[in-house]
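Input: a single structure, listed below in structure tokens.
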Amino acid sequence: MLKVIDIFPIGDMLSVTLEGSCNELKSGSKLVDENGNTINVISVAMIRNENPADIFKSTTVMIKSCQIKKGMELSIA
């Protein structure tokens, strides 16, 4: 499970920071919200961490605007 920890609107898109094991996320991946709605990942941000072990603990993705909220849990389809 991935937890939504931050959302930032950019035009008609959303930049969404996810906490959890994100090593399988890539552009084109699909996420599923708590209600069964599918969310397409447009892009995965490059991240920078001081500790390489932290790289897969969270990441930021770009998605089309939808009814996503902080605290929601998502899974990778």
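Among the residues of region 30-53, which ones are surrounded by fewer than 14 Cβ atoms within 10 Å (Cβ to Cβ) and within 15 Å of LYS69 (Cβ to Cβ)?
Result: GLU34, ASN35, ASN37.
Working only within region 50-77, note down all residues that are free of Cβ contacts under 8 Å to residues at least 40 places away in the same chain and of a type in the set (Gly, Ala, Ser).
Residue satisfying the conditions is ALA53 alone.
Does SER21 satisfy the criteria of being in contact with a Leu (Cβ under 7 Å, 6 or more places away or on another chain), of a type in the set (Gly, Ala, Ser) and either surrounded by fewer than 15 Cβ atoms within 10 Å (Cβ to Cβ) or modelled with pLDDT of 95 or more (or both)? Write out each step before concluding.
On the way: in contact with a Leu (Cβ under 7 Å, 6 or more places away or on another chain): no; of a type in the set (Gly, Ala, Ser): yes; either surrounded by fewer than 15 Cβ atoms within 10 Å (Cβ to Cβ) or modelled with pLDDT of 95 or more (or both): yes.
It is false that SER21 is in contact with a Leu (Cβ under 7 Å, 6 or more places away or on another chain), of a type in the set (Gly, Ala, Ser) and either surrounded by fewer than 15 Cβ atoms within 10 Å (Cβ to Cβ) or modelled with pLDDT of 95 or more (or both).
Of the residues SER15, SER65, SER27, which is over 12 Å from LYS3 (Cβ atoms), in contact with a Phe, Trp or Tyr (Cβ under 6 Å, 6 or more places away or on another chain) and either at pLDDT 95 or above or open to solvent by 50 Å² or more (accessible area, probe 1.4 Å) (or both)?
Every option except SER15 fails the conditions.
The values are calculated or read from the model by the stated rules, or taken from the named source; none is laboratory data. Note that the structure is predicted; figures quoted are calculated from it, not measured. As a convention, Cβ positions derive from the backbone with ideal geometry for all residues, glycine included, and neighbour counts pool all protein chains shown. Accessible surface areas use protein heavy atoms only, side chains included; no ligands, DNA or RNA. Shrake-Rupley method; radii C 1.70, N 1.55, O 1.52, S 1.80 Å.
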